[in-house]
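What follows is a set of notes on a single structure, which appears directly below.
Derivation of every value follows stated rules applied to the coordinates shown; laboratory data play no part. Owing to the predicted nature of the structure, the values given are computational and were not obtained by experimental measurement. Cβ placement follows ideal geometry from the backbone for every residue including glycine, while neighbour counts extend to all protein chains displayed.
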Amino acid sequence: MSSRLIRIGAASLALSLAGLASAAEHATPREARALFDQAVKYLQVNGPDQAWKAFNKRSGPFVKKDLYVYVIDRKGTYVANGAAPAQLVGLNVLDTVDAAGTPLFRQMIAVTDKQDDARIRYVWLNRQSNRVEPKVAWVHREGDYVVGVGYHAPRSTADDARKLLDAASAQVKKLGIARAAGSFNDPRGSFVHDDLYVFAINLETGKFEAHGMNPKLTGTDASDLHDVEGHPLVREMLEIARSKGEGTVDYVWRNPVTNAVEKKRSFVRRENGSLIGVGFYNE
């Protein structure tokens, strides 16, 4: 049998077995983060051998709802997988791709070469519903291993966006934009929730003061940004904030969770000299 066929078979097996947990109740992002932190600490305190045994125990504390801990080595071979340890431990999944064709395990290894902790977004086939669903994984490098916990990313609603905008506005009123921007740009903070995040633009200069999904945009000119259809969305946002105080803007944008171009609506509001905005994706 060719090595290519072996890799394809291994990838299919990994996808099928990892999807077994999809039948369980979906955990929340907060529960996923708590399990991830618990697993990393357990590994650091107890060492690899004891940690692998604990992570591979289906009835143990590291399998909760549809959450489980998995660990690969730097060559992409599972040393632990709480979903199906008997079938997956020892399996090399380096070339496994997600439903969009992204080599997610290579991505996990690459990103943790640059930073110890990271968050990876991908799309996964739910074998129970036969639907492609967005997922997010927290990954951590510990020596020669990458520890991960993945969870189903909930799709945010208009109400979720409004509530986050209200919270962001309150933060600006309380702290001022300079201090509030730090919390908006914190990927682990309370102002970034999967596909939901806060952005802030200075009403006078048109420059980003914060961008929760891409903090590196802070200080860059936002006024000439267009969506994929050429719509000058930021100019419209600025005009609404300056003239009306608040409103909505519809456009099309790439969803960072699904990696697909989708319809999006942003709620924007003037807060002192800044535009504060939060958008959500419409299916």
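Here the Karplus curve 6.51 cos²θ - 1.76 cosθ + 1.60, taken at θ = phi - 60°, turns the phi angles of segment 76-83 into couplings of x, 9, 5, 10, 7, 7, x, 6 Hz, with x standing for Gly and Pro. Compared with the dominant principal axis of the Cα atoms in the chain, helix 158-175 is inclined by about 70°.
Kirkwood radius for segment 229-283, taken over all pairs of different Cα atoms as the inverse mean of 1/r, rounds to 11.6 Å.
Computed from phi, the 3J(HN,Hα) profile of segment 226-231 under the Karplus parametrisation 6.51, -1.76, 1.60 (θ = phi - 60°) reads 10, 7, 5, 9, x, 6 Hz, with x in place of Gly and Pro. Put simply, the convex hull of the Cα atoms in segment 158-282 casts, on average, a shadow of 6.7 nm².
A dipole drawn for the chain from +1 and -1 charges on Cβ atoms has a positive end, and of ALA200, TYR151, ALA178 the residue lying farthest that way is TYR151. Note down the Stokes-Einstein diffusion coefficient of segment 29-176 in µm²/s, whole number, using a Kirkwood radius over alpha carbon pairs, 25 °C, and 0.890 mPa s. Rounded to a whole number, D works out at 149 µm²/s. When exposed loop sites are taken as trypsin sites (Lys or Arg not before Pro) in a DSSP loop with at most 16 other Cβ atoms within 10 Å, the longest stretch of the chain clear of them is 128-187. Remark: segment 80-223 carries a charge dipole of roughly 240 debye about the Cα centre, counting +1 on each Lys and Arg Cβ and -1 on each Asp and Glu Cβ.
Each of VAL69, PRO85, TRP138 was scored by the projection of its Cα onto the charge dipole of segment 67-187, and the greatest displacement toward the positive side belongs to TRP138; charges sit on the C-beta of Lys, Arg, Asp and Glu. Which percent of Cα pairs goes in each bin when the distances of the chain are cut into 10 angstrom slices starting at zero? Percent of Cα pairs in each bin: 6, 27, 29, 21, 13, 4, 0. Computed over segment 107-193, the P(r) tail beyond 22 angstrom holds 47 percent of alpha carbon pairs.
Each Lys and Arg Cβ is given +1 and each Asp and Glu Cβ -1; about its Cα centre, the chain then shows a dipole of about 500 debye.
Measuring between alpha carbons in the structure, the pairs from LYS53/LYS75; LYS114/LYS135; LYS135/LYS173; LYS163/LYS264; LYS114/LYS163; LYS41/LYS135 lying more than 26 angstrom apart are LYS135/LYS173; LYS114/LYS163. For segment 39-68 versus segment 179-225, the spacing of their alpha-carbon centroids is 36 Å.
Model label points for VAL45 and VAL252, set 7 angstrom from Cα along the Cα-to-Cβ axis, are 5.1 nm apart.
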